[in-house]
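The values are calculated or read from the model by the stated rules, or taken from the named source; none is laboratory data. What you see is a predicted model, and the numbers here were worked out from it, not measured in a lab. Cβ placement follows ideal geometry from the backbone for every residue including glycine, while neighbour counts extend to all protein chains displayed. The protein model used for the area step is the full one, side chains on, heavy atoms only, and it has no ligands, DNA or RNA in it. Shrake-Rupley method; radii C 1.70, N 1.55, O 1.52, S 1.80 Å.
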Amino acid sequence: MDSSIEQTQLVRCSWPRSPLAMQYHDEEWGVPVYADQKLFEFLILEGAQAGLSWDTVLKKRQHYREVFDNFDPAAIAGYDECKIEQLLADPGIIRNRAKINATVQNARAFLAVQQEYETFSSFIWQFVGHTPRHNQWSALSELPSRTAESDAMSKALKRHGFSFVGTTICYAFMQAIGMVNDHTRDCFRYLPLTHPQLEAK
């Protein structure tokens, strides 16, 4: 069977509609992420998405990587006003001064957290006890937009100097990096994430 036909026939969560969103859902969403630089990328992209569709961010993601030094927080922390003005003139990213300034500010805060906790991963995963939470939703309408854990994460990140880290953004971040598995139970990705040893075979 043609792989594109197979992809369209898969039972998946109802939110991805575009091919790009389907690919992201199938390959990344809900998969646990522990690498610091990847965690930083997701945190910045979730903040950039605020008020926009995730599809908009996905379309611009590769260009973000190119102009933001592949989301290297050490490089971004050194951005000056000239670099920020250059980014504001780039149509390939979301040209919002507050979000771009927040990216630089968050890079500096990220480095400070790494200094304190050795890794950002060890800091951020504490909010779920360092173990992914597997929910059991039947429909997209059941998914929360925030939880007690995302509230706590948001407050902690703000205390450490981060911005664009409200509780709703934090919960979306938790979903993206696999801190919570919010695939619905009928989705073809649900079982492999709840039992990763099966996918490895």
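Here are a few things to note about the model shown:
- Relative contact order, whole percent, for region 46-151 stands at 19, derived from Cα pairs under 8 Å and 6 or more residues apart.
- Of all lysines in the structure, the ones whose alpha carbon falls short of 18 Å from that of K158, not counting any fewer than 8 places away in one chain, are K99.
- Between L111, L140, L87, the residue with the greatest mean-square fluctuation in the GNM of the chain (Cα pairs under 10 Å linked by springs) is L140.
- For V31, the residues whose modelled amide H falls within less than 5 Å of its own, excluding neighbours fewer than 5 places apart on the same chain, are G178.
- Probing with 1.4 Å while keeping every protein chain in the model, the per residue accessible area of the chain equals 49 Å².
- Taking every alpha-carbon pair under 8 Å whose residues sit at least 6 apart, region 115-201 reaches a relative contact order of 32 percent.
- In region 65-159, taking the dipole from charged Cβ atoms about the Cα centre, the farthest positive-side position among S150, I124, C82 is held by S150.
- Between the beta carbons of R185 and Y117, assuming R0 = 41 Å, the FRET efficiency works out to 0.75 to the nearest 0.05.
- Greater than 23 Å apart at Cα, pairs in K83/K155; K60/K83; K59/K155: K83/K155; K59/K155
- The C-alpha atoms of the chain define a longest principal axis, and helix 167-176 lies at about 60 degrees to it.
- In percent, rounded to a whole number, the relative contact order of the chain is 30, using alpha-carbon pairs under 8 Å and six or more apart.
- Calculated P(r) of region 1-151 - Cα pairs past 27 Å, %: 33
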